[in-house]
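Asker: I have a structure I would like to understand better, so I am pasting it below and will then ask my questions one at a time.
The values are calculated or read from the model by the stated rules, or taken from the named source; none is laboratory data. The structure presented is a predicted model; accordingly, all values stated were derived computationally and were not measured. Positions of Cβ are generated from backbone atoms using ideal geometry, with glycine treated the same way; all protein chains shown enter the neighbour counts. Ligands, DNA and RNA are stripped out before the accessible areas are found, and what is left, the full protein with its side chains, is counted by its heavy atoms. Shrake-Rupley method; radii C 1.70, N 1.55, O 1.52, S 1.80 Å.
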Amino acid sequence: MNNAVAGFSKLSKQEKINWIAEQYFSTPNEAETLLKKYWNTDEKIQQLHDEFIENTISNFYLPLGIAPNFLINGKYKTIPMVIEESSVVAAASKAAKFWATRGGFKTTILGTEKIGQVHFIFDGELALLEAFFEKIKPALFEATESITQNMRQRGGGITDIVLKNKTSELKNYYQLHATFETKNSMGANFINSCLEQFAVTFKEKAAEYEPFQKKGTILEIIMSILSNYVPNCVVRAEVSCPVSDLAEKHIPEPLLFAQRFVQAVQIAEIEPFRAVTHNKGIMNGVDAVVLATGNDFRAIEAAVHAYAAKNGTYSSLSHAKIENGVFTFWVDLPLALGTVGGLTTLHPMVKFCLTLLENPSATELMEVIAVAGLAQNFAALRSLTTTGIQAGHMKMHLNNILNQLEATEEERQLVQKHFKKHTVSHSAVVNYITAIRN
Ligand code: MEV
């Protein structure tokens, strides 16, 4: 079958659906019905979603769950989470409840700097380039004044531009490395507009610069783009309490628990195979809130994992210690977030989630998201170092299995009762349901 298509984007929505359904499905009507089942009945909302991207044929749902009782810097927060993994919201809520009676979560903003670069090639002497850059640097700021005006009024803007010599790594390669403060916006558009203007001005000034002309040097702009790596836009979230206060029903020996917990973190600090899974657990919490608040989860993922490898080896993002009888557990995360612009006012559910979070500033959202990551990591390590992860995980997964088996209400009740006392596994549930059905 030849599945190539010309001019797909020019087809109407219905024509696109027809093509997809007929090309790929043995029962095109069923495929079309399914796609339309997921359309919003409110035409305005549907149109909004259709226009977010190109070639939209339907919506793709993820659940929005709520993790309440997060005590953060002395104030309770209710956290919205968009995620498909069954145990994540329950784990977050449990961790929130646990720490609410032990002082809660504390956060610190370690920096809010964003970065962008103009990458260029220059084949002349470094000293000549340095002299040129110092001379025209004010012109770079001047040329971007109209772009930065609003941002400056909000207390942000371009904080610096430096020339970076990268020729030891790549022949003739230099950068204009610019730093920005973008306040409550993620700032991608703002930064990229500034950078593209820098590139134009830089090129123009270079063309007029006599010492370059005399030597016939070449200065070529390669590209201008923000960096999603933000090692100076970092938030720390932390929990801490006397070791003895960790005691509860599932933690009968708090010192042993704390020691094991610290060792589990140390393993993730030195062992990349474990670190990736450990950090994946943190991202269960982070991504869920990033998605709920309409932020760019790809940018966050890229930044966080680069940060986890900043010392040359991929390592744990979180750390733990016991000092003078006090257990402390913390995470540092680079999070470039926005609470204005982008989807924040456009997507009704994003707006809802931001209202639920009491319309946070970008730094407040950094704090909430780092807390969600730390809570998730705490819940995972607590299970892993005590009962193991599967007992809780499979209990939460039970509903998915029941849905797969199209269990009736009566069967569900029997299954829930039975598996209160028995270990959940896919085959155990299938066997049990088959037995009931027979
Ligand atoms: C599962 O989504 C996340 C965990 O694997 C994280 C971890 O191992 O720390 C439980």
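Asker: Given the criteria open to solvent by less than 20 Å² (accessible area, probe 1.4 Å), outside the structural domain of residue 96 (by TED's automatic domain parsing), under 28 Å from residue 40 (Cα atoms) and over 19 Å from the mean Cα position of the chain (by Cα), does residue 433 qualify? Let's see the steps before the verdict.
Answerer: Details: open to solvent by less than 20 Å² (accessible area, probe 1.4 Å): yes; outside the structural domain of residue 96 (by TED's automatic domain parsing): yes; under 28 Å from residue 40 (Cα atoms): no; over 19 Å from the mean Cα position of the chain (by Cα): yes.
Here the answer is no, as residue 433 does not meet what is asked.
Asker: For region 392-411, what are the residues that are open to solvent by 60 Å² or more (accessible area, probe 1.4 Å) and more than 12 Å from the ligand (Cβ to nearest atom)?
Answerer: 395, 399, 400, 403, 404, 406, 408, 409, 410 - these are the residues of region 392-411 that are open to solvent by 60 Å² or more (accessible area, probe 1.4 Å) and more than 12 Å from the ligand (Cβ to nearest atom).
Asker: Condition first: closer than 30 Å to residue 190 by Cβ, touching an Asp or Glu at 6+ places or on another chain (Cβ under 6 Å) and not assigned by TED's automatic domain parsing to the domain that holds residue 178. Can you find one or more residues in region 289-300 that meet it? Before you say what the answer is, go through the steps one by one.
Answerer: So in region 289-300, the residues closer than 30 Å to residue 190 by Cβ come out as 289-300.
Okay, now just the ones that are also touching an Asp or Glu at 6+ places or on another chain (Cβ under 6 Å), so 297.
Pick out the ones that are also not assigned by TED's automatic domain parsing to the domain that holds residue 178 and you get 297.
The answer is yes, given that some residue of region 289-300 is closer than 30 Å to residue 190 by Cβ, touching an Asp or Glu at 6+ places or on another chain (Cβ under 6 Å) and not assigned by TED's automatic domain parsing to the domain that holds residue 178.
Asker: Might you let me know whether region 374-386 holds any residue that is hydroxyl-bearing (Ser, Thr, Tyr), within 16 Å of the ligand (Cβ to nearest atom) and open to solvent by 80 Å² or more (accessible area, probe 1.4 Å)?
Answerer: Checked region 374-386: no residue is hydroxyl-bearing (Ser, Thr, Tyr), within 16 Å of the ligand (Cβ to nearest atom) and open to solvent by 80 Å² or more (accessible area, probe 1.4 Å).
Asker: Please determine whether any residue of region 331-345 is within 14 Å of the ligand (Cβ to nearest atom) and either open to solvent by less than 40 Å² (accessible area, probe 1.4 Å) or part of a helix (DSSP H, G or I) (or both).
Answerer: The initial filter retains those residues of region 331-345 that are within 14 Å of the ligand (Cβ to nearest atom), namely 331.
Applying the additional criterion that residues be either open to solvent by less than 40 Å² (accessible area, probe 1.4 Å) or part of a helix (DSSP H, G or I) (or both) yields 331.
Within region 331-345, one or more residues are within 14 Å of the ligand (Cβ to nearest atom) and either open to solvent by less than 40 Å² (accessible area, probe 1.4 Å) or part of a helix (DSSP H, G or I) (or both).
Asker: Among residues belonging to region 264-285 that are near the ligand (Cβ under 10 Å from one of its atoms) and of a type in the set (S, T, N, Q), point out the one that is surrounded by the most Cβ atoms within 10 Å (Cβ to Cβ).
Answerer: Ranking the qualifying residues of region 264-285, first place goes to 279.
Asker: Of everything in region 81-92, what is open to solvent by 20 Å² or more (accessible area, probe 1.4 Å) and touching a residue at least 40 places away in the same chain (Cβ under 8 Å)? Give them in sequence order.
Answerer: We begin by selecting, within region 81-92, every residue open to solvent by 20 Å² or more (accessible area, probe 1.4 Å); these are 82-87, 89-91.
Passing the criteria: 82, 83, 85, 86, 87, 89, 90, 91.
Asker: Sticking with this structure for a sec: Listed residues 161, 115; which is buried (at least 17 other Cβ atoms within 10 Å of the Cβ) and either basic (Lys, Arg) or without any contact (Cβ under 8 Å) to a residue 40 or more places away in the chain (or both)?
Answerer: On the way: 115 fails: either basic (Lys, Arg) or without any contact (Cβ under 8 Å) to a residue 40 or more places away in the chain (or both).
After ruling out the rest, the residue left standing is 161.
Asker: Related question: Determine which member of the set 257, 261 is among the aromatic types (Phe, Trp, Tyr) and more than 15 Å from the ligand (Cβ to nearest atom). Quick ask: steps written out before the conclusion?
Answerer: Working: 261 fails: more than 15 Å from the ligand (Cβ to nearest atom).
After ruling out the rest, the residue left standing is 257.
Asker: Give region 187-220 a look and list any residue that's open to solvent by less than 40 Å² (accessible area, probe 1.4 Å) and closer than 30 Å to residue 297 by Cβ, or say none. Before the answer, list the steps.
Answerer: Let us first name the residues in region 187-220 that are open to solvent by less than 40 Å² (accessible area, probe 1.4 Å), namely 187-188, 190-192, 194-195, 198-199, 201-202, 206, 209, 212, 217, 219.
Result: 187, 188, 190, 191, 192, 194, 195, 198, 199.
Asker: Give the residue, chosen from 108, 78, that is open to solvent by 60 Å² or more (accessible area, probe 1.4 Å) and either outside any helix (DSSP H, G or I) or in contact with a Phe, Trp or Tyr (Cβ under 6 Å, 6 or more places away or on another chain) (or both). Quick ask: steps written out before the conclusion?
Answerer: Working: 78 fails: open to solvent by 60 Å² or more (accessible area, probe 1.4 Å).
Only one candidate passes the filter, namely 108.
Asker: What about residue 289, is it closer than 19 Å to residue 377 by Cβ, open to solvent by less than 10 Å² (accessible area, probe 1.4 Å) and part of a helix (DSSP H, G or I)?
Answerer: On the way: closer than 19 Å to residue 377 by Cβ: yes; open to solvent by less than 10 Å² (accessible area, probe 1.4 Å): yes; part of a helix (DSSP H, G or I): yes.
Yes, satisfied.
Asker: Using the structure shown, decide if residue 430 is in a helix (DSSP H, G or I) and more than 22 Å from residue 265 (Cβ to Cβ). Outline the logic, then answer.
Answerer: Values: in a helix (DSSP H, G or I): yes; more than 22 Å from residue 265 (Cβ to Cβ): yes.
Against the criterion (in a helix (DSSP H, G or I) and more than 22 Å from residue 265 (Cβ to Cβ)), residue 430 qualifies.
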